[in-house]
Structures are given as C-alpha cells and as structure tokens.
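Peer 1: Could you have a look at this structure, given as structure tokens, before my questions?
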Amino acid sequence: AVEEFLREVRRRELPHSAGLVSQPTAVKFLMARKFDVSRAIDLFQAYKNTRIKEGIININPDEEPLRSELLSGKFTVLPGRDAKGAALALFTARLHRPDITTHKAVLQAIIYQLDKAIER
C-alpha cells in the first residue's frame, strides 16, 4: 500500500512539492484511511491543497504568531482514544481570540499539532 501510494502521488506531484511525499507521510495518510490507497491519496491531496491555498508551506513552531497560538492551549490532541480507537482533538472556543490572532496562525497551529500527533 505504501509503495502504491508513493508511486501514484509522485506521478501526480510537481517536482517542487515532491518533498511532501515521503514514506512516513504515506504511512500516516494510509493509516488515517485504514490503508485504502485511493482514499488516502484523496486525503493527502486535500491536505496539500489546503496548505497551498492558505499559504502554509513551512511551519516553524518557534516563530510568532504560531508560537503564541500553540501556547494558548486552545487546540489540543488528547492522549486517549474514543471507543473505536480514533484519536480525539479538542478545540476550546472560549480560548480563541480572533481579535489578537490570525486565521493563518490558527490553521498553522492545528496542522502542526495534528502532524505531530500522527507522527507519534
């Protein structure tokens, strides 16, 4: 499944975005779709397109405003799982301050935390 995923995604990708497609990337998207290659590719394409559309190419958690957004605690990936084994994420709306943050910073924080959670 990993080789099939990599082969198909690399066939579709432009050379400048080939770095997004590694074996660990393939595994995390395949795991998210229970190793259904077609659905995993669709998920990867949606993920990639969202990052491009929102201008979220490189994420550096030490740079502002992302650092403050991560420290706010408004988005958390919980350590446990639900009854079916799915990971749980919590967005605490009362901690969201749209007057002092940006849409991009919030998206960066969510993507960064989800990527890190999936790596584990």
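The values are calculated or read from the model by the stated rules, or taken from the named source; none is laboratory data. Quick caveat: nothing in here was measured; it's all calculated off a predicted structure. All Cβ positions, glycine included, derive from the backbone under ideal geometry; neighbour counts span all protein chains shown. Remember, those area values only see protein heavy atoms, side chains included, never the ligands or the DNA or RNA. Shrake-Rupley method; radii C 1.70, N 1.55, O 1.52, S 1.80 Å.
Peer 1: Roughly to the nearest percent, how much of the accessible area of the chain is carbon and sulfur, given a 1.4 Å probe?
Peer 2: 55 percent
Peer 1: Also: How many Lys pairs in the chain lie less than 14 angstrom apart by Cα atoms, where the lysines are 8 or more positions apart or on different chains?
Peer 2: Lysine pairs, 8 or more places apart or on different chains, close enough: 4.
Peer 1: Would you kindly state how much longer the chain becomes between Gln45 and His103 on full extension, computed as 0.36 nm times their sequence separation minus their alpha carbon distance, in nm to one decimal?
Peer 2: In short, 18.8 nm is gained.
Peer 1: Also: Separation of the range 68-113 and the range 36-55 by C-alpha centroid, Å?
Peer 2: 20 Å
Peer 1: Using unit Cβ charges (K, R positive; D, E negative) and no other charged atoms, how large, in debye to the nearest 20, is the dipole of the chain about its Cα centre?
Peer 2: For this selection, approximately 300 debye.
Peer 1: How high is the FRET efficiency between Ala117 and Arg11 when r is their beta carbon distance and R₀ equals 25 Å, given to the nearest 0.05?
Peer 2: 0.30
Peer 1: Once you keep just the Cα pairs under 8 angstrom separated by 6 or more residues, what percentage relative contact order results for the chain?
Peer 2: Once normalised by length, the contact order is 21 percent.
Peer 1: For the chain, report the accessible area per residue in Å² (1.4 Å probe, heavy atoms, rounded to an integer).
Peer 2: Here the residues of the chain average 67 Å² of exposed surface.
Peer 1: Once the Cα atoms of helix 23-32 and of the chain are each reduced to a long axis, what angle between those two axes, in degrees from 0 to 90 to the nearest 10, is obtained?
Peer 2: Between helix and principal axis, roughly 80 degrees.
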